[in-house]
Amino acid sequence: MTLKLYVDRMSHACREVIIFCKLNGIDFEEVHIDLSKRQHLSPEYREINPIRQIPAIMDGRFKLSESHAILRYLACAFPRIADHWYPTDLYKRAKVESVLDWQRTTFPRGSDSYVFYSVLGRAVGMPLNTKAAARTEKNLIASLALIESVWLRKKVGFCLG
């Protein structure tokens, strides 16, 4: 049975799961859930994810939501996935968990808000908010600087521990 991904590519959380699957050769069927049409609120989608958020997966009869839970599941469910994605070593896994938590809690304060205030807000009929865009751009730049100075520093040579 094919893995089904319930996604809208406008969501970075959905793109994370899609990219992981593609990088690791995981076959999947992409089921588009159009957020702009509120398809995530439909009774049909509620059967997939009662929380009504994306992404979600269905692997056989098993259903799961939340992008990082999905990534962890996929890394463990498919034996051919390289250990570096979600290491069995406790210390290395803790480093991956740290990055996943930071990415979910800190990074969006800049990235999501900046994209919303500078691009997506206008796409849904809201006026451009240049003050908010400028404020959130500073947060985005600070977050990107952390990525470069902590996870991509030359001494380490790679991201995610």
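The values are calculated or read from the model by the stated rules, or taken from the named source; none is laboratory data. Keep in mind the model is a prediction, meaning the values are calculated, not measured. Virtual Cβ from ideal backbone geometry, glycine too; neighbours counted across all protein chains shown.
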- Task: Would you check if there is a residue in segment 42-63 being at pLDDT below 95, under 15 Å from the mean Cα position of the chain (by Cα) and not assigned by TED's automatic domain parsing to the domain that holds residue 107?
- Result: no
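From the list 101, 112, pick out the single residue that is over 27 Å from residue 25 (Cα atoms) and within 15 Å of the chain's Cα centre (by Cα). Please lay out each step first, then the result.
Working: 101 fails: over 27 Å from residue 25 (Cα atoms).
When all the criteria are applied, what remains is 112.
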- Note on the structure: In segment 32-41, anything small (Gly, Ala, Ser) and surrounded by 14 or more Cβ atoms within 10 Å (Cβ to Cβ) is listed as none
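Residues are listed down the side, and each one gets a yes or a no for (1) within 23 Å of residue 111 (Cβ to Cβ); (2) out of contact with any helix residue (DSSP H, G or I) (no Cβ under 9 Å at 6 or more places or on another chain):
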| site | (1), (2) |
| --- | --- |
| 17 | yes, no |
| 44 | no, yes |
| 62 | no, no |
| 66 | yes, no |
| 76 | no, yes |
- residue 95: in the same structural domain as residue 26 (by TED's automatic domain parsing), among the basic types (Lys, Arg) and under 20 Å from residue 16 (Cα atoms), yes or no? no
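Among the helices (runs of 4 or more DSSP H) contained in segment 1-77, which hold 1 or more residues that are acidic (Asp, Glu) and without any contact (Cβ under 8 Å) to a residue 60 or more places away in the chain? Can you show your working first?
Working: elements: 12-23, 43-48, 67-77.
Per the criteria, 12-23, 43-48.
Restricting attention to segment 109-134, which residues are loosely packed, with under 15 Cβ neighbours inside 10 Å, of a type outside the set (S, T, N, Q) and either in a helix (DSSP H, G or I) or free of Cβ contacts under 8 Å to residues at least 60 places away in the same chain (or both)?
If the condition is that a residue be loosely packed, with under 15 Cβ neighbours inside 10 Å, of a type outside the set (S, T, N, Q) and either in a helix (DSSP H, G or I) or free of Cβ contacts under 8 Å to residues at least 60 places away in the same chain (or both), then 109, 119, 120, 122, 123, 125, 126, 127, 128, 131, 134 are the ones that fit.
Residue-wise test of (1) farther than 14 Å from residue 147 by Cα; (2) not charged (D, E, K, R).
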site	(1), (2)
85	yes, yes
96	no, yes
100	no, yes
112	yes, no
120	yes, yes
125	yes, yes
- Note on the structure: Selection from segment 70-88 of residues closer than 22 Å to residue 12 by Cα and basic (Lys, Arg) yields 72
